[in-house]
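Q: This is the structure, below, for whatever I ask next.
The values are calculated or read from the model by the stated rules, or taken from the named source; none is laboratory data. Given the structure is predicted, the values throughout are model-derived calculations rather than measurements. Backbone-built Cβ (ideal geometry, glycine too); neighbour counts: all protein chains shown.
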Amino acid sequence: MPYPEAVFSLQYFRQDPEPFYTLAQGLYPGTYKPSLTHTFLRLLQDKGVLLRCFTQNIDTLERMAGVTADNIVEAHGSFATARCIDCRVTVQTFVIRANVDSFQMKV
């Protein structure tokens, strides 16, 4: 890779998707559980005092804790939604999950 952040570059992904898929296999929702902080955010929401939850994480742990999508701003997107990078058509998340799970590294 030309630089570490290239793993998140769409241009680099088109050239070589392997680094992203390798990273995604370890980060995909279901690998980790929400922390006490995520649960606290849900409590703030339930009490009506959460104005917005800004996150740079793509793992959807806030959603898993019960924070609603209306209250979350995912700065870098997340695994919660997906679109085709060419035509922008929405792709079901189970299709993305299957692609990530079935990706085989080149040897």
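Q: In contact with a helix residue (DSSP H, G or I) (Cβ under 7 Å, 6 or more places away or on another chain) and either closer than 20 Å to Pro19 by Cβ or charged (D, E, K, R) (or both), is that true of Arg42?
A: On the way: in contact with a helix residue (DSSP H, G or I) (Cβ under 7 Å, 6 or more places away or on another chain): yes; either closer than 20 Å to Pro19 by Cβ or charged (D, E, K, R) (or both): yes.
Spelling it out, Arg42 is indeed in contact with a helix residue (DSSP H, G or I) (Cβ under 7 Å, 6 or more places away or on another chain) and either closer than 20 Å to Pro19 by Cβ or charged (D, E, K, R) (or both).
Q: Find all pairs meeting these conditions: Cβ atoms under 8 angstrom apart; at least six residues apart or on different chains; first residue within segment 70-97 and in contact (Cβ under 8 Å) with a residue 60 or more places away in the chain; second residue surrounded by 10 or more Cβ atoms within 10 Å (Cβ to Cβ) and not in a loop (DSSP other than H, G, I, E, B).
A: Close Cβ pairs satisfying both conditions: His76/Phe8; Ile85/Phe13; Ile85/Arg14.
Q: Which residue out of Thr60, Thr55, Thr93, Thr81 is more than 18 Å from Phe8 (Cα to Cα) and of a type outside the set (D, E, K, R)? Even if it seems obvious, please write down each step before you answer.
A: On the way: Thr60 fails: more than 18 Å from Phe8 (Cα to Cα); Thr55 fails: more than 18 Å from Phe8 (Cα to Cα); Thr81 fails: more than 18 Å from Phe8 (Cα to Cα).
Testing whether each residue is more than 18 Å from Phe8 (Cα to Cα) and of a type outside the set (D, E, K, R) leaves just Thr93.
Q: Take Gln104 and decide whether it is part of a helix (DSSP H, G or I) and free of Cβ contacts under 8 Å to residues at least 40 places away in the same chain.
A: Values: part of a helix (DSSP H, G or I): no; free of Cβ contacts under 8 Å to residues at least 40 places away in the same chain: yes.
When the stated conditions are applied, Gln104 does not pass them.
Q: Please go through segment 75-107 and pick out each residue that is among the small types (Gly, Ala, Ser) and in contact with a Phe, Trp or Tyr (Cβ under 8 Å, 6 or more places away or on another chain).
A: Looking only at segment 75-107, we keep the residues that are among the small types (Gly, Ala, Ser), and these are 75, 77-78, 80, 82, 98, 102.
Within segment 75-107, just Ala75 meets the criteria.
Q: Listed residues Ala69, Ala80, Ala98, Ala65; which is under 11 Å from the mean Cα position of the chain (by Cα) and on the phi < 0 side of the Ramachandran plot?
A: On the way: Ala69 fails: under 11 Å from the mean Cα position of the chain (by Cα); Ala98 fails: under 11 Å from the mean Cα position of the chain (by Cα); Ala65 fails: under 11 Å from the mean Cα position of the chain (by Cα).
After applying the criteria, what remains is Ala80.
Q: Can you find, within segment 1-33, the residue that is modelled with the lowest pLDDT among those that are in contact with a Leu (Cβ under 9 Å, 6 or more places away or on another chain) and either of a type in the set (Ser, Thr, Tyr) or surrounded by fewer than 11 Cβ atoms within 10 Å (Cβ to Cβ) (or both)? Full working, then the answer.
A: Within segment 1-33, the first condition is being in contact with a Leu (Cβ under 9 Å, 6 or more places away or on another chain), and the residues that meet it are 7-8, 29, 32-33.
From the residues that got through so far, the ones that are either of a type in the set (Ser, Thr, Tyr) or surrounded by fewer than 11 Cβ atoms within 10 Å (Cβ to Cβ) (or both) too are 32-33.
Numbers: Tyr32: 86, Lys33: 93.
Here the answer is Tyr32.
Q: Determine, yes or no, whether Thr68 is β-branched (Val, Ile, Thr) and under 27 Å from Pro4 (Cα atoms). Give the steps one after another, and end with the answer.
A: Values: β-branched (Val, Ile, Thr): yes; under 27 Å from Pro4 (Cα atoms): no.
For Thr68, the condition - β-branched (Val, Ile, Thr) and under 27 Å from Pro4 (Cα atoms) - is not met.
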